[in-house]
1. Please work out which one of (1) more than 24 Å from residue 362 (Cα to Cα); (2) surrounded by fewer than 14 Cβ atoms within 10 Å (Cβ to Cβ) is the condition residue 201 fails and give its number.
2. For residue 106, state whether it is surrounded by fewer than 10 Cβ atoms within 10 Å (Cβ to Cβ), out of contact with any helix residue (DSSP H, G or I) (no Cβ under 6 Å at 6 or more places or on another chain) and either at pLDDT below 85 or over 29 Å from residue 266 (Cβ atoms) (or both).
3. What single numbered condition from (1) more than 22 Å from residue 290 (Cβ to Cβ); (2) in a loop (DSSP other than H, G, I, E, B); (3) in contact with a helix residue (DSSP H, G or I) (Cβ under 9 Å, 6 or more places away or on another chain) fails to hold for residue 350?
4. What about residue 224, is it at pLDDT below 95 and closer than 27 Å to residue 386 by Cβ?
5. When residue 393 is evaluated against the numbered criteria (1) under 19 Å from residue 243 (Cβ atoms); (2) not in a strand (DSSP E or B), which criterion, by number, is the only one it fails?
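The values are calculated or read from the model by the stated rules, or taken from the named source; none is laboratory data. It should be emphasised that the depicted structure is a prediction, and the values quoted were computed from it without experimental measurement. Using ideal geometry, Cβ is built from the backbone for each residue, glycine included, and neighbour counts are taken over all protein chains shown.
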């Protein structure tokens with residue numbers, strides 16, 4: 001966007017007043033015909049009273065032509081906003097003709113540009129730098145993280161933070177899991193480098209994360225059909241998955257339960273998907289709305305994506321029973337929908353990582369879905385909040401399909417954050433590969 005600043009300096013005489021009355025509006029609103037142009041600011045700084053009152057220019061002129069010192073100079077000052085790809089922008093030097101007492105400024109072919117005319121010095125037209133972000137509105141604070149920011153600002157010693165879910169000790173201080181401390185101490189003793197990870201992340205971490213979700217003995221694990229990449233925690237996994245679906249899925253639609261995590265809609269929308277809702281929670285019973293959920297899932301068009309909370313539904317904590325998961329899986333498969341599990345809380349629902357993975361494994365092993373997404377986060381179950389450790393897996397129908405999909409996931413990652421951070425992933429790898437640390 002380009003801003004033109006126009007300053008006109010005129011003498012107080014009645015004939016010039018008439019000129020202003022007839023010509024300035026023409027200049028501002030009629031004679032320059034550029035698509036997208038608008039005048040957005042007027043300032044009169046020739047007189048203190050007028051400046052304070054911000055009168056319209058006609059009122060201003062009537063005030064001054066009736067004053068004894070009306071032969072003093074009055075400056076009118078206004079801005080014109082123009083799109084940068086207009087003729088006005090690209091074709092400078094078509095100018096200008098001034099006839100004192102008749103025309104203030106005449107524009108040839110609707111174009112004018114940076115000029116300080118030697119013919120009439122009082123009129124200057126020149127380019128002025130301006131902030132590009134004038135029209136950017138203040139966004140709302142994040143519903144969850146905004147509470148954490150407000151908590152830090154609050155000086156009340158009795159304050160309690162019930163915003164973002166994170167472990168605290170008895171004194172309200174951040175708590176680091178002993179297994180994580182031990183793993184980190186081991187890593188520090190190894191004097192490891194700080195080289196870039198590959199685009200897909202650390203290979204050992206991806207392998208162990210997939211095994212944690214599916215079970216080390218799963219036939220899906222041994223099949224090699226998984227395209228697993230390290231992600232910027234669970235949010236990063238969700239976003240890369242959304243970008244992949246937006247790029248390659250036939251339908252750019254995803255259905256989320258109501259309610260769902262507050263960031264889901266924003267992540268998926270920015271990832272290029274249209275977000276819809278299906279019933280999930282029944283406020284009357286404070287439980288799972290099985291009939292409403294199954295009814296809504298049964299009406300979703302073929303090929304759409306369905307987001308499922310694998311366990312510890314956020315924000316309600318209400319999960320379907322094993323049999324209800326089977327009913328959900330049956331409807332999704334019969335409708336030929338694409339399942340996408342958000343698996344952020346493995347170990348939090350039952351205290352057992354295998355039991356909490358039951359729904360995901362049911363879809364993969366029992367229903368044998370040929371393809372599905374699932375996003376993992378290690379922010380919660382390892383307390384690696386700020387390390388941003390996660391994984392995204394696309395289960396494919398064949399190893400050949402897996403190779404193709406993995407190549408495209410890597411292209412999306414490369415364009416988004418290039419490659420993931422290594423420290424948190426190394427900690428998670430150390431914990432997952434050591435039976436004693438894992439047991440803790």
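1. Single failed check for residue 201: (2).
2. On the way: surrounded by fewer than 10 Cβ atoms within 10 Å (Cβ to Cβ): no; out of contact with any helix residue (DSSP H, G or I) (no Cβ under 6 Å at 6 or more places or on another chain): yes; either at pLDDT below 85 or over 29 Å from residue 266 (Cβ atoms) (or both): yes.
Answer is no for this residue.
3. (1)
4. Working: at pLDDT below 95: yes; closer than 27 Å to residue 386 by Cβ: no.
Against the criterion (at pLDDT below 95 and closer than 27 Å to residue 386 by Cβ), residue 224 does not qualify.
5. Here residue 393 clears every test but (2).
The rows are residues; the columns are (1) outside the structural domain of residue 422 (by TED's automatic domain parsing); (2) without any contact (Cβ under 8 Å) to a residue 60 or more places away in the chain; (3) under 24 Å from residue 378 (Cβ atoms); (4) touching a helix residue (DSSP H, G or I) at 6+ places or on another chain (Cβ under 7 Å).
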{"residue": "145", "(1), (2), (3), (4)": "yes, yes, yes, no"}
{"residue": "148", "(1), (2), (3), (4)": "yes, yes, yes, no"}
{"residue": "152", "(1), (2), (3), (4)": "yes, yes, no, no"}
{"residue": "156", "(1), (2), (3), (4)": "yes, yes, no, no"}
{"residue": "159", "(1), (2), (3), (4)": "yes, yes, no, yes"}
{"residue": "166", "(1), (2), (3), (4)": "yes, no, yes, no"}
{"residue": "182", "(1), (2), (3), (4)": "no, no, yes, yes"}
